Structures are given as structure tokens and as C-alpha cells.
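Beneath this line is the structure, given in C-alpha cells, with notes to follow.
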Amino acid sequence: MNVNQDVDVTVVGAGPVGLVLAAELALSGATVQVLERRPEPDESMKAQSINIPTAEALDRRGLLPAAEKVQREVLGRMGSFARMVGDRTLGEGRRAPDSRFTGHFAGMILDADLVDWSDPDLAAHTAADGARMVPQRELEALLAEHVARLGVPVLRGVEVTALEDTGDGVLVGTTAGPVRTGWLVGCDGGHSAVRRLAGIDFPGTDPELTGYQAVVDIADPEKLANGWVWSPAGVYRCGPQPGRVATMEFDGPPPTSPTLGFARAGGPPWRRSPSRSCRPACAGYRGPTSR
């Protein structure tokens, strides 16, 4: 699929933020396209739930039933994992809620039964009366179907290489050819190409920790406590999804990306997640006037 040469808005990044923005713009009558540098959807394990405002946004667009279907499947897998390890809890001493997931604090699941749902601040919410266990990859798939129904093209394997302010819009160089757009929006993450090419500063704090995670087959799962575990040797997490193991190191980012050799040499055998820092996740760029 070729890039559209002239559109109102070009969104860079086909994650949840980029897809939601593209959908809302299309519903408002704008011509939109989404550019994503990855050739295929990212199947790696990332965020595992959405909060109430996000669930409400899905509800307003008729997408909450699909999200709840995903949640039922996720909770089913979590229940199977809990039975496998002989543990009916998620985290230390917190029972997994049967129908509502309200979130967690420091890895400890919050018990929905202890929430006063008659509180006016909570009662004012829509049908999305709690957080939902919807992993990011499933959320992205759900949103990709949504934008497809709206006729928004998501062009994968297309990378932004340059941009130029033309006075009445933006000329964007891509690996699939040039694009003229009234507005260019970068929803392409912490290493945003749009932010870098536009010369937008990235203020914030330096990374303070590195998270590693892996999805593995565990030989003796009953030997690992389910949830977050604190010990003199450090912190690790097992579950609640089957096979998910994670740990954190609080000494900043690693000097290089870990490899299989690094793991075999005694380093943590986990894939490195982006180091957490206190910086905004998205960037935007536009010409001086809208088209």
C-alpha cells in the first residue's frame, strides 16, 4: 500500500495513542493516514491493563464489549496459571477479583470487594465501572480494526526520515515517498523520530531503572511465588499471565542491550523493557497554520 501524498493529518505510530487519535480525527471529518515503521504489529508483552478513563473512551465508541471479551479470555488464562502454581492470589495476600479488576499498587492487586461503588465519584462513571485486563497487543488489534472500519489506512513498514515546514503544512520524507500534510503528529514513543527531526527538546529525568521480562515455559512453576516478590537478592514478578517472569534493576539503563550470551554469562535472562524515565510519551509538529 502506498502512502497518500496529500492528507489533512499524518499520524506517526500505530500504537494505542496513534490509533485512537486517527480514529477521532476521521470521525471529525479529517483525512488521515497512520505511518508505522514496524512491518508487523508488535507482539511483545507490554502493558497488561487499561484504566477507567481508557475503558470509558472505548465505551463511547462502542468498543467496550470487545475489550471485555478480551478481559474474559485473559482472566481465564490467569485463573489457569493460579491453579497450576497452587495459588489463588495475585500478588501478596490479595485475592484476584472475580469480575472487576480495579488495578494494583506496587504489584499488589486491589480487591474490588473493598471499593464503595456507591460513591458519587464512581457512580458517575459509565458502564466502564472499573479497569479492564486488556493487554496492549490485544488493545492495538482492537483499535486497528476500529480505524479500518473508518477507512483510515495504517501503512506499516514506512519510516519517517525527514520533515520540512512549508508554511502552510509539513513536507514529510518517508521510506515510501514524500507526503504533504497539514499536520504531522508523532505518537511514536520515547524515541520519537518526529520529535528528533522537529528539534523538539526531550526534558525530563534520566532513566533510573531497567526492567527485564520474558515469557517462558517454567519447569517447576510451584517453586515460584505468584506476584511480586521482594527478597535480599532483588525483586521479581511471576505471572499473573502464564509464563511471564520479570525483574528490575535500579541502577539505570544497561550499557548495551542484553543478548543470549549475556544471559548465559550470568546476566538476567530477560528482554529489556524501555528504561523508565519521567518524560512525555508523544510529540507533535505542525506548520504555522492548519490546512
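The values are calculated or read from the model by the stated rules, or taken from the named source; none is laboratory data. Computed from a predicted model, the values in this text were never measured in an experiment. With ideal geometry, Cβ positions are generated from the backbone for all residues, glycine too; neighbour counts draw on all protein chains shown.
Here the condition is being under 24 Å from the mean Cα position of the chain (by Cα), more than 25 Å from Gln48 (Cα to Cα), of a type in the set (D, E, K, R) and outside any loop (DSSP other than H, G, I, E, B); of Arg180, Arg195, it holds for Arg195 alone. Every condition in (1) within 18 Å of Arg77 (Cα to Cα); (2) of a type in the set (A, V, I, L, M); (3) without any contact (Cβ under 8 Å) to a residue 60 or more places away in the chain holds for Val235 except the one numbered (1). Output the residues belonging to region 3-28 that are outside any strand (DSSP E or B), out of contact with any Asp or Glu (no Cβ under 9 Å at 6 or more places or on another chain) and not acidic (Asp, Glu). Within region 3-28, Val3, Asn4, Gln5, Val17, Val20, Leu21, Ala22, Ala23, Ala26, Leu27, Ser28 qualify. Can you pull out the residues in region 215-226 that are touching a Gly at 6+ places or on another chain (Cβ under 8 Å) and surrounded by 15 or more Cβ atoms within 10 Å (Cβ to Cβ)? Ile218, Asn226 - these are the residues of region 215-226 that are touching a Gly at 6+ places or on another chain (Cβ under 8 Å) and surrounded by 15 or more Cβ atoms within 10 Å (Cβ to Cβ).
Answer yes if at least one residue in region 172-179 is closer than 13 Å to Thr10 by Cβ and without any contact (Cβ under 8 Å) to a residue 24 or more places away in the chain, and no otherwise. Within region 172-179 (the criterion being closer than 13 Å to Thr10 by Cβ and without any contact (Cβ under 8 Å) to a residue 24 or more places away in the chain), the answer is yes, since at least one residue qualifies.
Any chance you could count how many residues in region 210-222 are modelled with pLDDT of 80 or more and over 21 Å from Gln136 (Cα atoms)? Before the answer, list the steps.
Filtering region 210-222 for residues modelled with pLDDT of 80 or more gives 210-220.
If we keep only those that are over 21 Å from Gln136 (Cα atoms) too, we end up with 217-220.
Of the residues in that region, 4 qualify.
Quick check on my filter: what residues within region 198-228 are touching a residue at least 24 places away in the same chain (Cβ under 8 Å) and not in a loop (DSSP other than H, G, I, E, B)? The answer is Ala198, Leu209, Thr210, Gly211, Tyr212, Gln213, Ala214, Val215, Pro221, Glu222, Gly227, Trp228.
Kindly check whether there is at least one residue in region 111-126 that is over 23 Å from Leu21 (Cα atoms), at pLDDT below 65 and in contact with a Pro (Cβ under 8 Å, 6 or more places away or on another chain). Before you say what the answer is, go through the steps one by one.
Within region 111-126, the subset over 23 Å from Leu21 (Cα atoms) is 111-124.
Cutting the leftovers down to at pLDDT below 65 gives us none.
No, region 111-126 contains no residue that is over 23 Å from Leu21 (Cα atoms), at pLDDT below 65 and in contact with a Pro (Cβ under 8 Å, 6 or more places away or on another chain).
Can you find a residue that is at pLDDT below 65 and within 17 Å of Ala225 (Cβ to Cβ) anywhere in region 62-82? For region 62-82, residues at pLDDT below 65 and within 17 Å of Ala225 (Cβ to Cβ): present.
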